[in-house]
Amino acid sequence: MCGIIAYSGGRIAESILIDGLKRLEYRGYDSAGLAVARRKKMTVVRAVGKVSDLEKKLARRKLAGHYGMAHTRWATHGRPSEQNAHPHGDCQGKISIVHNGIIENYQDLKEELIAQKHVFTSQTDSEVVAHLVEEYFDGDLETAVLKTVQRLQGTFGLAVMHADIDRQIVMVKRGSPIIIGIGENEYFAASDAMALLPYTEKIISLNDDEMAVLNAGGYYIKNLNNELLEREIEICAGRDYLADKKGYEHFMLKEIFEQPEAIENAFRGRLVEAEGVSKLGGLEPVLERLKNMKKLIIVSCGTSYYAGLLGRYIFENLTALHVEVEVASEFRYRKLKMNEDTVVLALSQSGETADTIAAIREAKRKGALILGVVNVVGSAIAQITAAGVYNHAGPEFGVASTKIYTSQLVILTLIALLIGRYQDVSYNEGSEVIQAIKKLPKQVEKILADMEHVRALAQAYAPFEDFLFIGRLFNYPTAMEGALKLKEISYIHAEGYAAGEMKHGPISLIDENFPTVAIVSQDCTFDKMLSNIQEIKARNGRVLSVASQGCGRVRDVCDDVIWVPETLPLLQPILNIVPLQLFAYFIARERGCDIDKPRNLAKSVTVE
Ligand code: AGP
């Protein structure tokens, strides 16, 4: 969602800010803007649309200032417009602020400030911050910001600057990430380390209720009681992953092709073949509690939620646990029974998803042990959880999650195996799972090598406006994830259903204009899936099947088939989703969609 980049140093700020905004584009946004100060004058330029639209506006004026801030906005309060884009300012045009998060009490504050004769120019919650700072400012920006944040309820990652205070930028964090970058006599700040990596690997991630003050001659960090803090500088080893498509047309395609490596990274060093078990260093501190747990609740959103649904089936197969899966945005309002025997496992690529954070905070309050499977190292969820496992899949830039999904499924299998081996899973069963996991990267490579077949099918199916995706057992969550991939990037209506549910409603939609994607595996549901496909064919529905190689009879009943290699039923979804990712990708491409940045979507959903 929204992104922040700020700079203070000897270079011209404008080009660094624009470059930073481009690196934040993958998060999703609908307007952008920047503010640069020079010789006590603040210049603010904002534009609706892409960063390139902002650049066009900037081409008409050269900004020579050495400190400034910029923002990409994903609209929450007020539609995408130039007035609502950040940075926002005070009445005198001296102060600029950019804000990520939501100011929950902004209405009350706005009324109070209007009564004090402040003039608002936007419909955003964020603008109150600029006017509050103005209200409290008497020559000392730091104190004004400290007083301001004491008035704010909600979440914020904030940057504030004043035209009269050369090269000073004040950053504050509560619930929305702020990373400080330390260069040679120059300082950066951003909401995402990706924006800083071309300039410096030396970073400090602010904790909640911390403030960083960047100045011409240095920086310091304080808490909100105005006490100086000693913070160690971390080295952010992500430079290899700088946003580069490496010759692929889109990040999504690159990330689909990175899956063999991402899967391998998920299990590398985590398999103990001699004992038929997995070894997860991140869970060792809580292993005793895990052995004694009675109930597991998986919480997540979107694609991570579908990984969670599959996680339930995987845990049911390998452990004796009672497993529930909840959409994170519902979890916190439910009256779920939880105590110290309960483990709540959060799945999240970004580690920033606001709903998932709210859910695990609620579970923590109830005494559950909180674990995380997170891709972004040091992210909010990684910090809140007691223990967890990193995906180590490298950054995912495409809004549509691909490699993290398959990586999550591998890690869920490893966690289930770890616990299952303390329960009923035998050495032989454990070894069988391990051997099958080791084969996955090569099997995914084989599917990817058949890309042209999927591309040709996508061209044939691209004109349809509605799709049904069906599967049973392990292939049921796969059907939902396949449908999500198609709808989010191609804007085609697609529904994922348990195949058995089809005759309870959706079958009424079937005709020659409503194709079905059926996911079929050689497991106990095979014959029932064939019956469902025949029911669709009997109603003139076109059927494309994703089938594993042992399912030869599928050929006789479907219009088209994509074959995938066979593995254990509980791992089959890792293979089955890959052609569906490609299918969605090529349909979206055929329809000319903005694949990496689909409309209205954001990569990190940081509002509830
Ligand atoms: C995936 O394709 C989506 N864009 C989205 O559903 C995503 O999976 C969801 O927002 C959860 O994100 P997270 O894994 O970063 O928590």
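Results, tabulated for the structure shown:
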item: Given (1) surrounded by 13 or more Cβ atoms within 10 Å (Cβ to Cβ); (2) away from the ligand (no atom under 16 Å from the Cβ), number of the condition residue 288 does not satisfy; result: (1)
item: Any hit, the stretch 19-31, residues being free of Cβ contacts under 8 Å to residues at least 40 places away in the same chain and not charged (D, E, K, R); result: no
item: Flag if residue 469 is within 16 Å of the ligand (Cβ to nearest atom) and either at negative phi or in the same structural domain as residue 535 (by TED's automatic domain parsing) (or both); result: yes
item: The lone exception for residue 478 - which of (1) within 29 Å of the chain's Cα centre (by Cα); (2) away from the ligand (no atom under 16 Å from the Cβ); (3) in contact (Cβ under 8 Å) with a residue 24 or more places away in the chain it fails; result: (2)
item: Among the candidates 578, 546, 607, 561, residue that is surrounded by fewer than 22 Cβ atoms within 10 Å (Cβ to Cβ) and outside any loop (DSSP other than H, G, I, E, B); result: 561
item: First in the stretch 576-592 and over 12 Å from residue 457 (Cβ atoms), second anywhere and aromatic (Phe, Trp, Tyr), Cβ under 8 Å, 6 or more apart; result: 577/405; 591/491
item: Filtered residues of the stretch 85-105 (kept if closer than 25 Å to residue 601 by Cβ and modelled with pLDDT of 95 or more); result: 85, 86, 87, 88, 98, 99
item: Any hit, the stretch 228-250, residues being surrounded by 15 or more Cβ atoms within 10 Å (Cβ to Cβ) and closer than 19 Å to residue 160 by Cβ; result: no
item: All positions within the stretch 581-604 that are within 12 Å of the ligand (Cβ to nearest atom) and either among the β-branched types (Val, Ile, Thr) or part of a loop (DSSP other than H, G, I, E, B) (or both); result: 595, 596, 597, 598, 600, 601, 602, 603, 604
item: Close pairs (7 angstrom Cβ cut-off, 6 or more residues apart or separate chains): closer than 23 Å to residue 99 by Cα in the stretch 208-233, polar (S, T, N, Q) and not in a strand (DSSP E or B) anywhere; result: 213/168; 214/168; 215/168
item: Residue in the stretch 481-501 that is farthest from the ligand (Cβ to nearest atom), counting only those that are within 15 Å of residue 466 (Cα to Cα) and among the hydrophobic types (A, V, I, L, M, F, W, C); result: 492
item: Residues of the stretch 512-541 classified as touching an Asp or Glu at 6+ places or on another chain (Cβ under 7 Å) and among the aromatic types (Phe, Trp, Tyr), total; result: 1
item: Tally of residues being within 13 Å of the ligand (Cβ to nearest atom) and either within 21 Å of residue 23 (Cα to Cα) or part of a loop (DSSP other than H, G, I, E, B) (or both) across the stretch 349-373; result: 5
item: Subset of the stretch 325-348 (residues that are away from the ligand (no atom under 16 Å from the Cβ) and either at pLDDT below 95 or in contact with a Lys or Arg (Cβ under 6 Å, 6 or more places away or on another chain) (or both)); result: 333, 334, 335, 336, 337, 338, 339, 340, 341, 342
item: Tabulated pairs, the stretch 326-347, first assigned by TED's automatic domain parsing to the domain that holds residue 391, second among the aromatic types (Phe, Trp, Tyr) and modelled with pLDDT of 90 or more, C-beta under 6 angstrom, 6+ apart or interchain; result: 327/305
item: Residue among 433, 425 that is more than 16 Å from the ligand (Cβ to nearest atom) and outside any loop (DSSP other than H, G, I, E, B); result: 433
item: Selected residue [farther than 14 Å from residue 15 by Cα, in contact with a helix residue (DSSP H, G or I) (Cβ under 6 Å, 6 or more places away or on another chain) and acidic (Asp, Glu)] from 53, 90; result: 90
item: Tally, over the stretch 184-229, of residues that are of a type in the set (A, V, I, L, M), part of a strand (DSSP E or B) and under 25 Å from the mean Cα position of the chain (by Cα); result: 4
item: Tally of residues being closer than 18 Å to residue 423 by Cβ and either within 16 Å of the ligand (Cβ to nearest atom) or not β-branched (Val, Ile, Thr) (or both) across the stretch 254-283; result: 6
item: From 521, 531, residue being away from the ligand (no atom under 16 Å from the Cβ), touching a residue at least 12 places away in the same chain (Cβ under 8 Å), of a type in the set (Ser, Thr, Tyr) and more than 30 Å from residue 25 (Cα to Cα); result: 521
item: In the stretch 382-418, residue nearest to the ligand (Cβ to nearest atom) [restricted to those that are over 21 Å from residue 442 (Cβ atoms) and touching a Phe, Trp or Tyr at 6+ places or on another chain (Cβ under 6 Å)]; result: 398
item: Flag for residue 507 being farther than 22 Å from residue 311 by Cα and of a type in the set (Val, Ile, Thr); result: yes
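So that you can scan it fast, the table gives a plain yes or no per residue for (1) over 18 Å from residue 272 (Cα atoms); (2) at pLDDT 95 or above:
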residue	(1), (2)
372	yes, yes
383	yes, no
392	yes, no
395	yes, no
400	yes, yes
409	yes, yes
427	no, yes
453	yes, yes
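For every residue, the table says whether it meets (1) assigned by TED's automatic domain parsing to the domain that holds residue 9; (2) within 26 Å of residue 114 (Cβ to Cβ); (3) touching a strand residue (DSSP E or B) at 6+ places or on another chain (Cβ under 9 Å).
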site: 130; (1), (2), (3): yes, yes, yes
site: 137; (1), (2), (3): yes, yes, yes
site: 144; (1), (2), (3): yes, yes, yes
site: 154; (1), (2), (3): yes, yes, yes
site: 161; (1), (2), (3): yes, yes, yes
site: 166; (1), (2), (3): yes, no, yes
site: 174; (1), (2), (3): yes, yes, yes
site: 178; (1), (2), (3): yes, no, yes
site: 184; (1), (2), (3): yes, no, no
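The values are calculated or read from the model by the stated rules, or taken from the named source; none is laboratory data. These figures come from a predicted structure and were not determined experimentally. Here the Cβ is made from the backbone with ideal geometry for all residues, glycine too, and neighbour counts use every protein chain on show.
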